[in-house]
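J.: What follows is a single structure, and I will ask about it in a moment.
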Ligand code: DGL
């Protein structure tokens, strides 16, 4: 396996930090470069073309930083841009956040699994199509939950308002009869406590750990540098939340790639 110096990760904002946290637990010695495209948040409401455009600029930037492996730490970008990125950058290894979770779901016994995601992710049908291509009796029921990312990014986590909105979504008829729930957006693992108290008895799928496990199979390098964190727009709110939610007092550097 070729040695990878650094792992790049990107998301529209804070969400990918759930994947970064899992990676830090599993691969503490890997140097990571994180890019949060806060200028264009939320991705989930953008067209596929726009998401491909933003993602391409970010991957070029991460490649220029020396990243040989890119974690597309955003379901919306994984669904809309994953294939295009692989074609545009054949020299890089890409791990999207959908395939490892689909592989995990396909290994479960027959059941109905719920999936919450952004409009872009649910519209793509990526989870259902990839799961249907596997030999599995697991059925997927997907629901777009567009209010959740703005609530998290606006600091409503743990206020009760996040739980009320989540409860509204989980009462939707598509979620009837589910025995497990996939957070199909990298922001949503932050809602695990609220979701599992609303849907007691339903298994919460630990998507960030499943993705980190897949990444760990590709990484065989050694720490070359410290981690680096970039943003396309710097807001006090984002910096406060990164610190409050993830205990990150990292130095975020502003790098604007696309308007
Ligand atoms: N965290 C991202 C995802 O997994 C994007 C959320 C958004 O910007 O809409 O889909």
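Quick note: the coordinates plus some simple rules give every number you see, no bench work behind them. Computed from a predicted model, the values in this text were never measured in an experiment. Here the Cβ is made from the backbone with ideal geometry for all residues, glycine too, and neighbour counts use every protein chain on show.
J.: What number do you get for the chain when its Cα radius of gyration is normalised by 2.2 N^0.38 Å, N = residues?
T.: After normalising by residue count via 2.2 N^0.38 Å, the value is 0.95.
J.: Still on this structure: Alpha carbon centre of the stretch 170-221 versus the stretch 88-145: separation in Å?
T.: Each part's Cα centre sits 12 Å from the other's.
J.: Let me ask you something else. Sorting check: for 26-36, 9-19, 102-112, which peptide has the highest mean count of neighbouring beta carbons within 10 Å, and how do the rest follow?
T.: Listed from highest to lowest mean packing, they are 9-19, 26-36, 102-112.
J.: Using the Cα gyration tensor of the stretch 80-120, with a ≥ b ≥ c the square roots of its eigenvalues, what is the shape: rounded (a/c below 1.5), prolate (a/b larger than b/c) or oblate (neither)?
T.: Because a/c hits 1.5 or more and a/b fails to exceed b/c, the stretch 80-120 counts as oblate.
J.: Using R₀ = 22 Å, calculate the FRET efficiency as 1/(1 + (r/R₀)^6) where r is the Cβ-Cβ separation of residue 134 and residue 172; round to 0.05.
T.: Result of the calculation: an efficiency of 0.30.
J.: Right, another one. Label the stretch 110-259 by shape, choosing from rounded, prolate and oblate, from the square roots a ≥ b ≥ c of the eigenvalues of the Cα gyration tensor; if a/c is under 1.5 it is rounded, and otherwise prolate applies when a/b is larger than b/c, oblate when it is not.
T.: oblate
J.: Would you mind ranking 70, 161, 178 by Cβ crowding within 10 Å, fewest neighbours first?
T.: 161, 178, 70
J.: Among 168, 187, 40, rank each residue by its count of other Cβ atoms within 10 Å, from fewest to most, as a rough exposure measure.
T.: Arranged by neighbour count, lowest to highest, 168, 187, 40 become 168, 40, 187.
J.: A follow-up question, please. Taking the number of other C-beta atoms within 10 Å as the exposure measure, put 151, 69 in order starting with the fewest.
T.: In order of increasing Cβ crowding within 10 Å: 151, 69.
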